[in-house]
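As structure tokens, the structure follows; a few thoughts come after it.
The values are calculated or read from the model by the stated rules, or taken from the named source; none is laboratory data. None of these values were measured; they are calculated from a predicted model. Counting neighbours? That spans all protein chains shown, and the Cβs are built from the backbone with ideal geometry, glycine included. Heavy atoms of the whole protein, side chains included, go into the accessibility calculation; ligands, DNA and RNA do not. Shrake-Rupley method; radii C 1.70, N 1.55, O 1.52, S 1.80 Å.
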Amino acid sequence: SSSSYADAMEGSPDIELIRQIESTMLTRKPNVRLAEIAGLNDAKSVLEEAVLYPQLMPHYYTGIRRPWKGVLLFGPPGTGKTMLAKAIASECETAFFNVASSALTSKWRGESEKMVSILFDMARFYAPSTIFFDEIDSIASTRGASTEHEASRRVKSELLTQMDGISTSNNGSDSNASVVVLAATNLPWDLDDALRRRLE
């Protein structure tokens, strides 16, 4: 669509959050190609299978062969995780949402999980879309820890719910209405088990 999500939602009580997400996280056309990234052949082939092939051959991913819910990229800093996410979004010509954990934190009660919900609604609006959570361990560590704050738990619950929602919609007949979640972390063992199951 040529119009923006903010224009479509003008008058919404959440319009300021919508504008904030659109201005800080959304890149319509990230200009990075897989061929420009040296090495990482295994990671490239996994991303092509998870993101690119369902776009090219939607008829193949029906029934028991479902598209992936998401992909977790892990490794030390500087190994190209963010670059790979931008490259696969470029190859698939999807809208790219680059989400830093700090962008989802708010001092107001309930606003952080509302931002997660708006983010996924926006991704569906601009579909096909790729949502990339950088350093996801900082917002999705194991639930139930003694240091966990109630607000953090609510954000994790909203994130898991939204990911289940996009996996259901991705199995529909409209192949152009797909949303893929990518995430990067240096500490995969710190992630919540439920989220790790959704990020194959």
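Remarks
- Length-normalised contact order of the chain in % [C-alpha pairs under 8 Å, at least 6 apart]: 28 percent
- Our note on the geometry: Cα centres of segment 1-41 and segment 121-139, 9 Å apart.
- Protection proxy ranking, highest mean first, for peptides 66-72, 54-60: 66-72, 54-60, where packing is the per-residue count of other beta-carbon atoms within 10 Å, averaged.
- Simple spin-label estimate for residue 3 and residue 200 gives 3.6 nm between the two label positions (7 Å along the Cα-to-Cβ direction from each Cα).
- Size descriptor, Kirkwood hydrodynamic radius, that averages inverse alpha-carbon separations across the chain, Å: 17.2 Å
- Counting protein heavy atoms only, the chain has 51 percent of its accessible area on carbon and sulfur, 1.4 angstrom probe.
- Label separation (residue 186 vs residue 93): 3.8 nm, computed from points 7 Å beyond Cα along the C-beta direction.
- Under the simplified labelling scheme, the residue 121-residue 35 pair shows an inter-label distance of 4.1 nm, with each label point 7 Å from Cα along Cα→Cβ.
- The local environment of residue 15, defined by Cβ-Cβ distances under 12 Å, has a net charge of -4 under the rule Lys, Arg +1 and Asp, Glu -1.
- Annotation: lysines with alpha-carbon distance below 29 angstrom to residue 29 (same-chain offsets under eight excluded): 44, 69, 81, 86, 114, 156.
- Structure remark: mean-square fluctuation, Gaussian network model of the chain, C-alpha springs under 10 Å; the largest value among 140, 38, 85 belongs to 38.
- The alpha carbon gyration tensor of segment 41-114 gives principal lengths a ≥ b ≥ c with a/c of 1.5 or higher and a/b no greater than b/c, which makes the shape oblate.
- Fraction of antiparallel bridges per DSSP, the chain only, in percent to nearest 5: 15 percent
- Candidates 102, 138, 117, ranked by Gaussian network fluctuation over the chain, Cα under 10 Å, top entry: 102
- Relative contact order of segment 1-115, defined on C-alpha pairs under 8 angstrom at six or more residues apart (%): 37 percent
- Computed over protein heavy atoms with a 1.4 Å probe, the accessible surface of segment 1-114 works out to 58 Å² per residue.
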